[in-house]
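Colleague: I'd like to ask you about the structure that follows.
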Amino acid sequence: MWLTRRFKFCPSCGAAVDYRIPADDNRERAICSACEAIHYENPINVVGTLPFLEQGDQVQVLLCRRAIEPRHGFWTLPAGFLELGETSAQGAQRETDEEAGAQIELLPLYCLMNVVPVGQIHLYYRARLLSTEFNPGPETLEAKLFHEHEVPWDELAFRTVRETLLRFFEDRRLGRPYALHSADIS
């Protein structure tokens, strides 16, 4: 398991936390050594889009080359952490704008990936590109369209990106409706 404990100090009073199983629970939790507050560590939500451009029977997907770690210089779908106060759809749209500067029509949720080893849940929405003009933000070196045979498969930043793209191209090839996909990534 790759997970690391996020709490070292109590967010309420600043004292050190201990990890133990509280009464009436069955999981180890971060418990403040001073005020006894119990702090729960839950998965982080990563939200993004799979932006695509259809031209007749051809389709291209938009990928962003990362300007930040982890995986600097590798290609990814526009995505990032969901912020408090926004829905997953709003977060996906915001991340697409921040990372690619792409104008999109957000479509239904397409992939939900449980990435248990790092305590994350990745949600990708399909997104129809409304323009081929992109204005990448500071987290992106470049934003570029790729046909399936052009995708830099060996340079993709994350397995969730690869799995989402594979499902998209397979659904398209087989003429399947774009239903919600889910997977557990270990």
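Colleague: Taking the criterion of being at negative phi, at pLDDT 95 or above and of a type in the set (Ser, Thr, Tyr), would at least one residue in segment 165-180 satisfy it?
Modeller: no
Colleague: Ok, one more. Kindly provide the set of residues from segment 91-108 that are surrounded by fewer than 17 Cβ atoms within 10 Å (Cβ to Cβ) and among the aliphatic types (A, V, I, L, M), ordered by number.
Modeller: Within segment 91-108, 106, 107 qualify.
Colleague: Okay, moving on. In segment 44-105, which strands (runs of 3 or more DSSP E) lie fully inside it and hold 2 or more residues that are of a type outside the set (Gly, Ala, Ser) and either touching a residue at least 60 places away in the same chain (Cβ under 8 Å) or outside the structural domain of residue 127 (by TED's automatic domain parsing) (or both)?
Modeller: Because the criterion is at least 2 residues that are of a type outside the set (Gly, Ala, Ser) and either touching a residue at least 60 places away in the same chain (Cβ under 8 Å) or outside the structural domain of residue 127 (by TED's automatic domain parsing) (or both), the strands (runs of 3 or more DSSP E) in segment 44-105 that meet it are 44-55, 58-66.
Colleague: Among what's in segment 115-146 and is over 19 Å from residue 43 (Cα atoms) and among the hydrophobic types (A, V, I, L, M, F, W, C), pick the residue that is surrounded by the most Cβ atoms within 10 Å (Cβ to Cβ).
Modeller: Ranking the candidates gives 127 first.
Colleague: Scan (1) part of a strand (DSSP E or B); (2) outside the structural domain of residue 180 (by TED's automatic domain parsing); (3) out of contact with any His (no Cβ under 6 Å at 6 or more places or on another chain); (4) in contact (Cβ under 8 Å) with a residue 24 or more places away in the chain for the single condition residue 18 breaks and write down its number.
Modeller: (4) is the only condition that residue 18 fails.
The values are calculated or read from the model by the stated rules, or taken from the named source; none is laboratory data. Since this is a predicted model, take the numbers as computed values, not measurements. Glycine also receives a Cβ, built like all others from the backbone with ideal geometry; neighbour counts cover every protein chain displayed.
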